[in-house]
Amino acid sequence: MLLEVKVIVLAAASSLLAVTVSAQTFDHSVFDELLKKHVVKGMVDYDAIAQPGSFGEYLKSLERADPSQLSDRERLAFWINAYNAYTIALINKYEERASIKNIAEGIGFERAKGPWKQPIVQVGGKTYTLDEVEHGIIRKEFHEPRIHFALVCAAMSCPPLRSEAYTGAKLDAQLDSQARAFVLDQARGSLVDAKKAVVHASRTFDWFKDDFGGTEAAVGQYIAKYYSDSPEKQLLLSGRYKMEYLDYDWTLNSRYLARLRP
């Protein structure tokens, strides 16, 4: 009888532990506040974020984190936020205010690696490059094409940086919002000329074609999901079009540069 009680107690304790771990979240509120304050329509005030205090504290919290303890949605939200935060940190590390591509063209061993090959991401006691986070963790583990509209490479042709942090609870709605906004942005995402049967699309759909189905026809069908019923949508679904990719603008997504533009 005593043995039965012990088994029941242990089973209950084990069940409680499983619930506790699966329900664990990570607090992104500091990053969320910074994004709300210093990101407007996707444009970033890098100088403001560079000030000592909150941003550095948030990066330290990422260093101490153990994302393996998070649920799948919380973990994906964590890594998206980490990628975006450390991209900002990289821009500020080099005080770059024109283009992230300039980091690859400067002097010195680290710059020679290029911006996405630098060991800058500190999470859970390990060091990663931005490439490792994107390709080795996010794309490899989650197989979620909408991440391409959430990961921001600090350029004008990248998706606009969201003015809030990603969270597990809101992740699906946030990713869908980002995807819809990007795809329907004619300067960044896609522009369909139904009369000429030409689809102008972001180079993101070319670089990561496999994530969107592997063919231009599959890319068109993916883009079509975000179009309302129209000749443009019908063309995308038909696959009978010429695909052309938009020029990529690597100008920094800076609020300062935005003010200088006509």
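General remarks:
- Residue list for the stretch 205-252, filter: over 30 Å from I103 (Cβ atoms) and either assigned to a strand (DSSP E or B) or aromatic (F, W, Y) (or both): Y222, Y226, Y227, Y241, K242, M243
- Residue in the stretch 79-91 that is at pLDDT 95 or above, buried (at least 20 other Cβ atoms within 10 Å of the Cβ) and in contact with a His (Cβ under 7 Å, 6 or more places away or on another chain) present: yes
- The single residue among Y222, Y166, Y226 that is within 16 Å of the chain's Cα centre (by Cα) and among the aromatic types (F, W, Y) turns out to be Y166.
- Scanning the stretch 179-207 for residues that are of a type in the set (V, I, T) and within 12 Å of P159 (Cα to Cα) yields V183, T204.
- Which numbered condition Y166 fails, given (1) open to solvent by less than 10 Å² (accessible area, probe 1.4 Å); (2) free of Cβ contacts under 8 Å to residues at least 12 places away in the same chain; (3) of a type in the set (S, T, Y): (2)
- Of all residues in the stretch 143-163, those being open to solvent by 40 Å² or more (accessible area, probe 1.4 Å) and of a type in the set (F, W, Y) number 0.
- Taken over the stretch 22-75, the residue count meeting the criterion of being over 22 Å from M156 (Cβ atoms), in contact (Cβ under 8 Å) with a residue 12 or more places away in the chain and not in a helix (DSSP H, G or I) is 10.
- Within the stretch 191-219, considering residues that are surrounded by fewer than 14 Cβ atoms within 10 Å (Cβ to Cβ) and more than 17 Å from the chain's Cα centre (by Cα), the one nearest to A82 (Cα to Cα): D210
- Considering residues of the stretch 94-106 that are surrounded by 15 or more Cβ atoms within 10 Å (Cβ to Cβ) and not aromatic (F, W, Y) only, the residue nearest to F55 (Cα to Cα): E96
- The residues on offer are R188, R240, and the sole one that is crowded, with 18+ Cβ neighbours inside 10 Å, charged (D, E, K, R) and free of Cβ contacts under 8 Å to residues at least 60 places away in the same chain is R188.
The values are calculated or read from the model by the stated rules, or taken from the named source; none is laboratory data. Since we're looking at a predicted model, the values are computed, not measured. Note that we place each Cβ from the backbone using ideal geometry, even for glycine, and neighbour counts take in every protein chain shown. SASA here: full protein model, heavy atoms, side chains in, ligands and nucleic acids out. Shrake-Rupley method; radii C 1.70, N 1.55, O 1.52, S 1.80 Å.
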